[in-house]
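A.B. asks: This is the structure I want to talk about, given as structure tokens.
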Amino acid sequence: MQGYLKLKEKDEELYEVELSDLPSHKIVNKLICLYLQFIVKIKKWLHIITVKEIYSGLIFILPISHSEKNLTKQLKKCILKTKKLLKKYQISQIVIAEELKQNEGFMQAFQDERKVESKMKILDGKELMPYLLEEVIEYISKKQGKTAQLEDLYLLIKQDNYQYQENILWLARNFKTINIVTPTLKVYQKLAKQLEEKQDIIITVTNNKKKSLKRANWIINFDLSPEEMKKYTINRTATIIYLTKEGVYEENTFEGLHICKAGIDVSQEIKDFFEKQNLLKQCPITVLYESTIQHKKTLKQVRQQMKKDQVTIEKLYGRRGILEEKEYEKIKELKCS
């Protein structure tokens, strides 16, 4: 199940009922409000977390605001209760408010205390990348005055899974050429043969560590570790898009772009939904939207939903944060020199 963990923005969030659902009778309404306010005081005193339903998940609201004195100390008192609730409701992935993520004391305790929930993912927007490859390449190409569809793509792949194959097929239909560089040669040579015979799509499959990526301008790293990437001679001005969280390629002579994550915008309807839940101020829309993705659906189905939700790329993140315009210009100049 999906979870959201946040600080309270106002006391009303800790009410167990919606104010709009209260009786219209003034005296009864006032008595209920006094009771709810009393319950809120108890929740603050005992650090009781409020749980509310949202979409296909649950929001866990800590009875603490960002302006609280001794915030870290107060947060640590909620850790054990948070752990028990996550386990009780079988939370498999969670969106954590940015202020909580930036609080080292809280996150250290949270990580230490969630050993039982080791399989639970903390969402960061990264898992949107496989669905946004075409848009990411178009975004960069536009800034560099190029036509994305005329670019040659080089895919670094080790494992064999269905999502990878979906993406290969999608990219092959939308870009000039696809070159797979892989240590798993037999698997992808077989795939390339099938695509050529059944769909007339030509894909090259190689694993020449000295030559395969020497002139590559666009590299998409599906699942190789930085150490595995170092075994290849990589074009020093390449743009490398990472689908893995294992880290980036480190080489002193490398002057290209690292694309680690995308920042997106969505329709006003989606933003209004999260705003109503008091999540939009505390969590980036990229991460919130990631929480709605149903990964069991096909690439095509997810992309259709993203189109309906008006997903657009607003910014890209490199190894040190948001990429600035001058960094795109620098690569353009290096490739022209």
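The values are calculated or read from the model by the stated rules, or taken from the named source; none is laboratory data. Predicted model only: the values in this text are computed from it and were never measured. Neighbour counts are summed over all protein chains in view; Cβ atoms, including those assigned to glycine, are modelled from backbone coordinates with ideal geometry. When the accessible area is computed, the model is the full protein with side chains, heavy atoms only, and any ligands, DNA or RNA have been set aside. Shrake-Rupley method; radii C 1.70, N 1.55, O 1.52, S 1.80 Å.
A.B. asks: Could you count how many residues in the range 203-221 are more than 29 Å from the chain's Cα centre (by Cα) and outside any strand (DSSP E or B)?
C.D. replies: Total satisfying the criteria: 8.
A.B. asks: Which one is modelled with the lowest pLDDT, of the residues in the range 1-42 that are over 30 Å from THR286 (Cβ atoms) and of a type in the set (Lys, Arg)?
C.D. replies: Looking at residues that are over 30 Å from THR286 (Cβ atoms) and of a type in the set (Lys, Arg), I get LYS26.
A.B. asks: Have a look at ILE59, ILE48 and point out the one that is farther than 30 Å from HIS295 by Cα, aliphatic (A, V, I, L, M) and either crowded, with 19+ Cβ neighbours inside 10 Å or at pLDDT 80 or above (or both).
C.D. replies: Testing whether each residue is farther than 30 Å from HIS295 by Cα, aliphatic (A, V, I, L, M) and either crowded, with 19+ Cβ neighbours inside 10 Å or at pLDDT 80 or above (or both) leaves just ILE48.
A.B. asks: State whether the residues of the range 178-198 include one that is surrounded by fewer than 21 Cβ atoms within 10 Å (Cβ to Cβ) and of a type in the set (Val, Ile, Thr).
C.D. replies: Yes; the residues of the range 178-198 include at least one that is surrounded by fewer than 21 Cβ atoms within 10 Å (Cβ to Cβ) and of a type in the set (Val, Ile, Thr).
A.B. asks: Sticking with this structure for a sec: Only residues that are outside any strand (DSSP E or B), under 16 Å from TYR242 (Cα atoms) and open to solvent by less than 70 Å² (accessible area, probe 1.4 Å): list them for the range 308-332, please.
C.D. replies: If the condition is that a residue be outside any strand (DSSP E or B), under 16 Å from TYR242 (Cα atoms) and open to solvent by less than 70 Å² (accessible area, probe 1.4 Å), then LEU323 is the only one that fits.
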